[in-house]
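Readers should treat all values here as calculations from the given coordinates under stated rules, not as data from a laboratory. No experiment lies behind these values; they were computed from the predicted model shown. Positions of Cβ are generated from backbone atoms using ideal geometry, with glycine treated the same way; all protein chains shown enter the neighbour counts.
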Amino acid sequence: MRQPMVAGNWKLNGSRESVAALIAGISAGISAVSKSEVVVCPAFVHLADVQQAIGDSGIKLGAQNAADQESGAFTGEIATSMLQEFGCEYVILGHSERRNIYGEDDALVAKKFAAVQAAGLKPILCVGELLEEREAGATETVVATQLDAIINSAGVTALTNAVIAYEPVWAIGTGKTASPEQAQEVHAFIRQKLAVLDGSVAEKVQILYGGSMNAGNAADLLSMADIDGGLIGGASLQAESFLAICQAAG
Ligand code: 13P
């Protein structure tokens, strides 16, 4: 059985004060509501505060990105070893905002994936199609290409130590959630694609849904066979709604 997982991607949000309040609220409510693996991914500069605040609550820490390089003249980058020093266990990679706003391509995401795993951290690999790609019937091709970039460089078994997040770009931050059936269709496609290469990897890998998941729609999405959890943006910024999603995940 795959353990459900709920990860909050706080994106470019928060001050030291608001982040302290948010993590205090989540920590206070978490043990009562969730048997899931719960991860929070603050901005880099908030990692130290959040690491201290989560203490032994069982909440895990993730980063929103990492460099493909270990050290050196790479201005503005953050290395995986630095993330480890602050207690990170997960790193979100290939988020559509990194791909579409900052031009990260499949090759760079694959290099980052290798760097993150080499450091003993777990990538949360994001894949997903744009609205025009869905409308052109290209969803599966787009998702397959994004996955193949990783499988062809790291090998399919590398996905045993990773999490996949299906995030249709048209559903992110728009309030337009994919229906449970639409999401399940793509999740099943991803798992079947992996099963052709390695049945055990396909069975084990957690596939999260992301895109306007909230307290109201989480239970229906999470009831689908191949949806193992959520990667939550907006609704992870309030302890109450995040905890409600954790509770829905089990
Ligand atoms: P929203 O939940 O705000 O749509 O964001 C989803 C997301 O991008 C999580 O990584």
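Applying 0.36 nm per residue to the separation of ASP105 and ALA219 and subtracting their alpha-carbon distance, the gain on full extension is 37.7 nm.
Going by average Cβ neighbours within 10 Å, how do the peptides 65-78, 43-56 rank, with the highest at the top?
Top to bottom by mean Cβ count within 10 Å: 43-56, 65-78.
The modelled label-to-label distance between ASP56 and ASP148, using points 7 Å beyond Cα along the C-beta direction, is 4.9 nm. On the beta carbon distance between ARG2 and ALA73, with R0 = 41 Å, the FRET formula returns roughly 0.50.
Here the peptides 190-199, 12-21 are ranked by packing, the mean other Cβ count within 10 Å, and the order with the highest first is 190-199, 12-21. For segment 126-142, putting each phi into the Karplus relation 6.51 cos²θ - 1.76 cosθ + 1.60 with θ = phi - 60° gives couplings of 8, 9, x, 9, 6, 4, 5, 6, 4, 5, 8, x, 9, 3, 5, 5, 5 Hz, in residue order, rounded to whole numbers and with x for Gly and Pro. Helical runs (DSSP H, four residues minimum) scored at -39500 (n - 2.57) apiece and divided by the length of the chain put the mean residue ellipticity at 222 nm at -13000 deg cm²/dmol. So what is log10(I(q)/I(0)) for segment 27-146 at q = 0.14, 0.15, 0.18 1/Å, when the Debye sum runs over its Cα atoms only? Ignoring solvent entirely, the Cα scatterers give -0.67, -0.75, -0.96. Residues whose amide H falls under 5 Å from that of VAL39, counting only those 5 or more places apart or on a different chain, are VAL6, ALA7, GLY8, LYS60, with hydrogens built in the peptide plane. Per the Debye formula on identical point scatterers at the alpha carbon atoms of the chain, with no solvent, log10 I(q)/I(0) at q = 0.07, 0.08, 0.11, 0.16 Å⁻¹ is -0.21, -0.27, -0.53, -1.19.
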